[in-house]
Amino acid sequence: MRILIIEPELAIINELENILLEIIPDVAVSYCSDIAAARNWFGENTLPQLVFSAITFPDGWGFDLLSSLNNIPPVVYMNVNDRFAMEAFRQNGIYYLLKPLDKTEVVKAVSRYRYLLSKEPSADEIPKETGNKFQDRFLVTVGKQVKLVKGEEVAYFFSEQKIVYLITFAGNKYRTGFTLERLEQLLDPANFFRINRQFIIHLSAIVKMIPASKSRLQVVLQPNTTYNTTTSSGRTDPFYNWLLGGFSMT
């Protein structure tokens, strides 16, 4: 197994390498101590099977380095605190380690990689027509913890003072790091629709609809909200079509 460590602190590199050599008998470890060296490494070598990367470096960000690659290998991100935990998972990280490293957590990170690898379908198992893939899992912060919310649990997203919140059918409210514009690109349009500048709603969250002024609709949602859930001008007809599964009312 080929692993690349990208880490500015030599002590962390040595500690992590020793742990990996202990838990993975056939491991081959390479390392880079800064972003520039890592860019050169990726330009001269085949992709490793797994990367352990710090997030902050004197010459840049681990996020920027990995996201610039044409093909991104599985990444375990490392940092001295959990400040970037949500962003790490948004950047397709598979695990998040805190420094100083804990051997048990390193073992869990490697186990996560092996689990994800075992779930990858073979070429014969991949459907010829896979269609679009939409985001149906969301990572949110709860205090200092990171929580996974499944798409089927989401009633709606709404924006308040440039912060987008996720509301579950159970009535839980979580802050996200998305914009509504980005969510429109990520969500399955069969289930979610943006009714106005503030709300993207799930089909199952609709309780009833009440005619409003200028041929618009007030959409009553569950869980209930005091914010404006009236369709914007120009969105009412597309909203009707969405409700009918893409068919027009006329």
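The values are calculated or read from the model by the stated rules, or taken from the named source; none is laboratory data. All values derive from a computational prediction rather than experimental measurement. Reconstructed Cβ throughout: ideal geometry from the backbone, glycine too, with neighbour counts over all protein chains shown. Heads up: the accessible areas ignore ligands, DNA and RNA and are worked out on the full protein's heavy atoms, side chains in. Shrake-Rupley method; radii C 1.70, N 1.55, O 1.52, S 1.80 Å.
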Candidates Val140, Val110 - the one that is crowded, with 18+ Cβ neighbours inside 10 Å and at pLDDT 90 or above: Val110
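Condition check ((1) of a type in the set (Asp, Glu); (2) open to solvent by less than 60 Å² (accessible area, probe 1.4 Å)) across all residues:
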residue: Leu4; (1), (2): no, yes
residue: Leu10; (1), (2): no, no
residue: Tyr31; (1), (2): no, no
residue: Glu44; (1), (2): yes, no
residue: Val51; (1), (2): no, yes
residue: Ile55; (1), (2): no, yes
residue: Gly60; (1), (2): no, yes
residue: Met86; (1), (2): no, yes
residue: Lys103; (1), (2): no, no
Residue count, region 46-80 (criterion: more than 17 Å from Arg112 (Cα to Cα), touching a Leu at 6+ places or on another chain (Cβ under 9 Å) and touching a residue at least 40 places away in the same chain (Cβ under 8 Å)): 1
Any hit, region 146-168, residues being farther than 24 Å from Gly93 by Cβ and open to solvent by 60 Å² or more (accessible area, probe 1.4 Å): yes
Test: residue in region 186-205 that is more than 20 Å from Val142 (Cα to Cα), open to solvent by less than 30 Å² (accessible area, probe 1.4 Å), of a type in the set (Val, Ile, Thr) and part of a loop (DSSP other than H, G, I, E, B): yes
Selection count, region 3-50, where residues are under 26 Å from the mean Cα position of the chain (by Cα) and over 23 Å from Asp64 (Cβ atoms): 0
